[in-house]
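A short worksheet on the structure shown next.
The values are calculated or read from the model by the stated rules, or taken from the named source; none is laboratory data. Since this is a predicted model, take the numbers as computed values, not measurements. Cβ placement follows ideal geometry from the backbone for every residue including glycine, while neighbour counts extend to all protein chains displayed.
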Amino acid sequence: MKLLLLVVALLSTSAFAQQAWTETFKLPEGTTYRARAAGYDCGTFGSTYVAAPESFKSKGIEFKQLSADKDLNKFLFEAVYPSSEGKECIYGIFLDRNRDDKTLDFTHSLIKTEEGHEGFCQETKNFIDTELRSVAYEGSKRGLRYVAVEIVKETANDVCDTGSVRVVFDRRFVE
């Protein structure tokens, strides 16, 4: 019986560790909602994900998580990518929600590296800043489990016939 309790305790600790969130950047208003990046889709929620579009994949950009404030007005996306020197760049983009046209609009972005060599991250930072200047978003109808953000808009690409590619964030996603 003691062995069974120990196994259950270890498994629950392991599951809890997987749910731990690491935040490099913080929303000034505080974070109430978080969701991990689950994959990319072509404009429809579902369980099938597609590959990252080549424009993001070629730069090694990997979205990690989305954070939002209590009122769902301020958003933060975190991503990682390699610098021109091969070191990891941690990128955070801060966006304000525009409820009228259902977009998230760029306010500013930050980058961080362990070594403090942010200059080597600048080219890809500028690319992401431009691509995510104003992005359409959609929340799923089932209790806002999913939030999708359009990162490629109506542009011919290698992933989706519709031209629209979205990164999907899942509030219950566990890696």
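Return the residue satisfying two criteria in turn: it lies in the stretch 17-35 and is among the polar types (S, T, N, Q) and under 14 Å from the mean Cα position of the chain (by Cα), and of such residues it is modelled with the highest pLDDT.
24
For residues in the stretch 116-163 being within 20 Å of residue 103 (Cα to Cα), of a type in the set (Ser, Thr, Tyr) and in contact with a strand residue (DSSP E or B) (Cβ under 6 Å, 6 or more places away or on another chain), which is surrounded by the most Cβ atoms within 10 Å (Cβ to Cβ)?
The qualifying residue surrounded by the most Cβ atoms within 10 Å (Cβ to Cβ) is 146.
Could you list, in sequence order, all residues of the stretch 151-175 that are without any contact (Cβ under 8 Å) to a residue 40 or more places away in the chain and closer than 20 Å to residue 104 by Cβ?
As a first pass, look at the stretch 151-175 and keep what is without any contact (Cβ under 8 Å) to a residue 40 or more places away in the chain: 153-156, 163, 172.
153, 154, 155, 163, listed by residue number.
Given the conditions (1) in contact with a Lys or Arg (Cβ under 8 Å, 6 or more places away or on another chain); (2) in a strand (DSSP E or B); (3) surrounded by fewer than 19 Cβ atoms within 10 Å (Cβ to Cβ), which single one is not true for residue 66?
Here residue 66 clears every test but (3).
Restricting the search to the stretch 91-127, which residues are farther than 26 Å from residue 71 by Cβ and outside any loop (DSSP other than H, G, I, E, B)? Give the steps one after another, and end with the answer.
Applying the first criterion (farther than 26 Å from residue 71 by Cβ) to the stretch 91-127 yields 111-127.
Within the stretch 91-127, 111, 112, 118, 119, 120, 121, 122, 123, 124, 125, 126, 127 meet the criteria.
Determine, yes or no, whether residue 77 is in contact with a Lys or Arg (Cβ under 9 Å, 6 or more places away or on another chain) and in a strand (DSSP E or B). Talk me through it step by step, then tell me what you get.
Values: in contact with a Lys or Arg (Cβ under 9 Å, 6 or more places away or on another chain): yes; in a strand (DSSP E or B): yes.
Judged against the criteria, residue 77 is a match.
Evaluate the stretch 40-54: report whether one residue or more is under 22 Å from residue 98 (Cα atoms), assigned to a strand (DSSP E or B) and either of a type outside the set (A, V, I, L, M, F, W, C) or at pLDDT 95 or above (or both). I'd like the intermediate steps shown before the answer.
At the first step, the residues of the stretch 40-54 found to be under 22 Å from residue 98 (Cα atoms) are 43-45.
From what is left, the residues that are assigned to a strand (DSSP E or B) are none.
No, because not a single residue in the stretch 40-54 is under 22 Å from residue 98 (Cα atoms), assigned to a strand (DSSP E or B) and either of a type outside the set (A, V, I, L, M, F, W, C) or at pLDDT 95 or above (or both).
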